[in-house]
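I have a structure I would like to understand better, so I am pasting it below and will then ask my questions one at a time.
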Amino acid sequence: MENAMSKTMNKLSENVLDKFSMDFLRNQVLKNAYGNTDTVIAKLDPRILLVWYVFFALVPWFVNNVPFLLGCFILVLITTALARVAGLVLFVFALGVFSQTGYLFVVSLLFGGDASTVLPLLILTLKVATVSLASITVFSGLDPDRLSNGLLWFGVPERLSFSISYAYRMLPMLMEEFQNVLLSYKLRGNPPSHDTLMGKIRYLIYQVKVIMQSFYPLMLNTAKRARTTVEALELRGYRNAASNKEVRKIMLSSLRVQYSDFMFIAISVLWVALSALVSTLI
């Protein structure tokens, strides 16, 4: 019996380590940045999505009605599913929401709280979750170039909008550099044996320690590559092109509001109106 339980625990720990390997993290990041171009959300006009995002990023903070907040949360949850966001991003979202609101409920119970604390924490959780999922829908579901053009159309400085798209393009380079730094540390180190359960725990702690030590050389090497890219852009006349109105017009010529955009806005407005109506009736 003990041997069977030991084998089960070892197999479970191996599956966890396999899931959170460097290759898995890299694939999740790249999928989230470049693997969602064929979704319903990615095909929408970025200007429409940015206006939609501003509404769901601001309005929930000024409303304390649970049915209305719940309706907004369900809507952004559906849009997040349509955006096909990577599982790693959703895991970080769930972890972040619990770290901001969930622990407050646990602490309140430990210090004499009762069921009356559930409603205020539920309202706060719905607000944080709604705003976070709206951000994930727009900034993880849109193509980086389309997102950059949408911001540029609203008058955001060209350098800022370009920096956003450039940050997405830097992701593959950043992940590759991170893996190289990790491999260099592992070649010079002596990782603990991970045949047993305790050995696997020590090995996991060792990996976390190596990742922390890899942060500084990763930032330094990435900064060097970014400087090379900036110098290449300046040699090709990037600064002059950024201030040229004809170039801006060409960049924004691909933005078009289509039938699907009107349908998206209409459904969102109708859903929010129904949520407000239900909140007044309850």
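Quick check: from the Cα gyration tensor, does region 87-219 come out rounded (a/c under 1.5), prolate or oblate?
Details: a/c = 3.15, a/b = 1.05, b/c = 3.00.
Note, shape of region 87-219 comes out oblate.
Counting only heavy atoms of the protein chains, get the accessible area per residue of region 166-233 (1.4 Å probe) and round it to a whole Å² value.
Numbers: 4570 Å² over 68 residues.
Heavy-atom accessible area per residue stands at 67 Å².
Let me check something: with ligands and nucleic acids excluded, how do Trp153, Trp271, Trp52 order by accessible area (1.4 Å probe), largest to smallest? Display every interim value, and only then the final one.
On the way: Trp153 125, Trp271 85, Trp52 10 Å².
Heavy-atom accessible area, descending, gives Trp153, Trp271, Trp52.
Still on this structure, please answer the following. Looking at the square roots a ≥ b ≥ c of the eigenvalues of the Cα gyration tensor of region 38-101, which shape do they give, rounded for a/c under 1.5, prolate if a/b is larger than b/c, or oblate? Mind showing how you got there, number by number?
Working: a/c = 2.01, a/b = 1.16, b/c = 1.74.
It comes out oblate by the Cα gyration axes.
Another question, then. Shape of region 162-282 from its Cα gyration tensor (a ≥ b ≥ c, root eigenvalues): rounded if a/c is under 1.5, otherwise prolate when a/b > b/c, or oblate?
Oblate is the answer for region 162-282, as a/c is 1.5 or above yet b/c matches or exceeds a/b.
Which whole-Hz ³J(HN,Hα) couplings does region 51-68 yield from phi under the Karplus relation 6.51 cos²θ - 1.76 cosθ + 1.60, θ = phi - 60°, glycine and proline marked x?
Each residue's phi maps through the Karplus curve to give 5, 4, 5, 4, 4, 6, 8, 10, 4, x, 5, 9, 10, 10, 7, 5, x, 5 Hz.
Still on this structure, I have one more. Provide the per-residue ³J(HN,Hα) series for region 120-128, in order, calculated from phi with Karplus coefficients 6.51, -1.76, 1.60 and θ = phi - 60°, each as a whole number of Hz, with x at glycine and proline positions.
The phi angles translate into x, 5, 5, 4, 5, 5, 5, 5, 5 Hz.
The values are calculated or read from the model by the stated rules, or taken from the named source; none is laboratory data. None of these values were measured; they are calculated from a predicted model. These accessible areas exclude ligands, DNA and RNA; they are computed on the full protein's heavy atoms, side chains included. Shrake-Rupley method; radii C 1.70, N 1.55, O 1.52, S 1.80 Å.
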